[in-house]
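Bear in mind these aren't lab numbers, they're just calculated from the coordinates by the rules spelled out. Here the structure is a predicted model, which is why all the values come from computation and not from measurement. Positions of Cβ are generated from backbone atoms using ideal geometry, with glycine treated the same way; all protein chains shown enter the neighbour counts.
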Amino acid sequence: MNRRQFLETVAAAAVLPGAVRQGAAANEWGSPVFDLHFHLRQQTASNLAHLDGAGVTKANLLTRGPVAEQVQALQSAAPGRFIWFNSYDVTKPDAEQVLTQAVKAGAQGFGEMKFHVAADGPELRRIYALAADLRVPILIHFQEVDHFPNEGTWATGYAKTFASILKAYPKTTFIGHADAFWANVSADYRNEAAYPVGPIVRGGVTDTWLGEYSNLFADIAANSGNNALSRDPAFTSDFVQRHQSKLIFGSDCGCNDGHGGGTSQGNNPAAARMVGKCVARETLTLLKRTATPEVFQKIVWGNAHKLLRIPA
Ligand SMILES: [Zn+2]
Ligand SMILES: [Zn+2]
């Protein structure tokens with residue numbers, strides 16, 4: 001028996017329970033749920049524990065480095081429940097080569113791209129161009145305020161420069177994520193806090209650009225996405241309605257059981273509001289009370305399938 005046959009045998013043994021749980025999970029939220037932002041965990045069971053616990057049907061594994069075999073094993077163990085994106089250090093000269101190889105091996109996007117470079121710098125620009133060539137989306141972490149001392153910033157300059165990128169790469173599908181992307185739904189944001197609170201000043205660049213650029217989408221994952229949609233309910237219902245075809249549910253949750261066990265946001269002190277909570281559950285609950293059932297289903301299921309051109 002070769003390694004592939006072995007993996008298939010292991011997978012076959014594991015199929016049934018996963019399939020049964022998937023049926024139950026689809027009902028809890030009144031719609032099947034796709035988690036666009038789920039970081040690959042080492043053990044098959046840990047991945048499934050979060051999906052099943054949070055009532056998530058299917059997830060996009062965010063991975064880094066050579067993981068094709070690990071992903072295949074997980075896909076075999078739980079058929080139809082996982083797709084994957086791949087990421088690689090964009091400062092390395094072979095980044096384009098490695099990411100192209102990942103797409104050939106089945107990756108359906110680039111991400112999450114989280115690097116200490118400028119959002120409009122040469123390192124990321126060549127990956128924006130590659131994403132267009134390969135017709136895959138690119139998911140970017142934008143952050144201008146440290147969570148921990150000396151953490152550094154990620155894909156910097158978003159609010160000042162990213163419109164020029166959206167214009168320069170019209171064939172690239174961008175998915176925005178993280179602190180700076182979400183803080184900039186408010187027009188008064190000046191990088192003073194990771195997760196600003198209080199009423200939103202209308203006309204923030206993220207809101208504006210989602211309306212103006214057909215190649216920009218929004219990943220609602222993490223405390224950043226949840227915070228932006230929690231701080232001003234009147235804003236949220238209007239925002240969700242206007243951008244209902246651009247918003248994609250994701251969790252970025254680190255909890256171990258889909259119910260808030262363990263650590264949900266990496267002990268980030270600024271995200272303490274999520275301690276003991278599952279970010280997936282918190283954001284699904286928020287969306288459910290904000291959106292109509294039709295819009296809810298688009299955001300948690302339909303939009304991602306359309307964007308990724310995969311069957312729902
Ligand atoms: Zn991130
Ligand atoms: Zn969770």
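Rounded, prolate or oblate: which fits the chain when a ≥ b ≥ c are the square roots of the eigenvalues of the alpha-carbon gyration tensor, with rounded for a/c under 1.5 and prolate only if a/b beats b/c? Before the final figure, lay out each step's value.
On the way: a/c = 1.61, a/b = 1.22, b/c = 1.32.
Oblate, since a/c reaches 1.5 and b/c is not below a/b.
Hey, fewest Cβ within 10 Å first, where do I175, I138 land in order?
On the way: I175 28, I138 24.
If I rank by nearby Cβ atoms, fewest first, I get I138, I175.
Among R64, R309, R242, R81, which comes first, second and so on when ranked by fewest other beta-carbon atoms within 10 Å? Intermediate values should be presented prior to the final figure.
Details: R64 17, R309 10, R242 13, R81 22.
Ordered from fewest to most neighbouring Cβ atoms within 10 Å, R64, R309, R242, R81 come out as R309, R242, R64, R81.
For K92, give me every one of the lysines with a C-alpha distance below 21 angstrom, ignoring sequence neighbours fewer than eight places off in its own chain.
List returned: K104, K114.
What lysines sit close enough to K298 to cross-link, taking a C-alpha to C-alpha distance under 25 Å and skipping anything fewer than 8 places away on the same chain?
K58, K171, K246, K277, K288, K306
Choose one of L124, T236, V201: the residue whose Cα lies farthest towards the positive end of the charge dipole of segment 109-261 (beta-carbon charges +1 Lys, Arg; -1 Asp, Glu; about the Cα centre).
L124
Hey, how many Å between the Cα centroid of segment 236-253 and the Cα centroid of segment 102-133?
23 Å
Name the aspartates and glutamates eligible as straight-distance cross-link partners of K167: C-alpha to C-alpha under 19 Å, and not fewer than 8 places from it in the same chain.
Correct list for K167: D120, E123, D133, D207, E212.
Enumerate the residues in segment 168-188 having an amide nitrogen under 20 Å from the point lying 7 Å beyond the Cα of R135 toward its Cβ.
Output list for this probe position: 169-175.
Counting helices only, and only those DSSP H runs with n ≥ 4, report the 222 nm mean residue ellipticity of the chain as the sum of -39,500 (n - 2.57) divided by its residues, in deg cm²/dmol to the nearest 500.
Details: 13 runs with 136 residues, N = 312.
Rounded to the nearest 500, it is -13000 deg cm²/dmol.
Under a 5 Å amide H to amide H cut-off, with H placed in plane at 1.01 Å, what residues pair with H37 once short-range neighbours are removed?
Under 5 Å from the amide H of H37 lie the amide H atoms of N60, S251, D252, each far enough along the sequence or on another chain.
Kindly identify segment 185-312 as rounded, prolate or oblate by the Cα gyration tensor criterion: order the square roots of the eigenvalues as a ≥ b ≥ c, call it rounded if a/c is under 1.5, otherwise compare a/b with b/c, prolate if a/b is larger, else oblate. It would help to have the intermediate numbers written out before the result.
On the way: a/c = 1.73, a/b = 1.10, b/c = 1.57.
Oblate shape, in that a/c is at least 1.5 and b/c is the bigger or equal ratio.
Taking neighbour Cβ counts within 10 Å as the exposure measure, how do H305, H50 sort from fewest upward?
Details: H305 17, H50 26.
Ascending number of Cβ neighbours within 10 Å: H305, H50.
Give the distance, in whole Å, between the Cα centre of segment 44-68 and the Cα centre of segment 280-311.
Result: 18 Å between the Cα centres.
Work out from phi, with θ = phi - 60° and the Karplus expression 6.51 cos²θ - 1.76 cosθ + 1.60, the ³J(HN,Hα) of each residue of segment 42-59, listed in order in whole Hz, and give x for Gly and Pro.
5, 9, 3, 4, 5, 5, 5, 4, 6, 4, 5, x, 8, x, 9, 7, 8, 9
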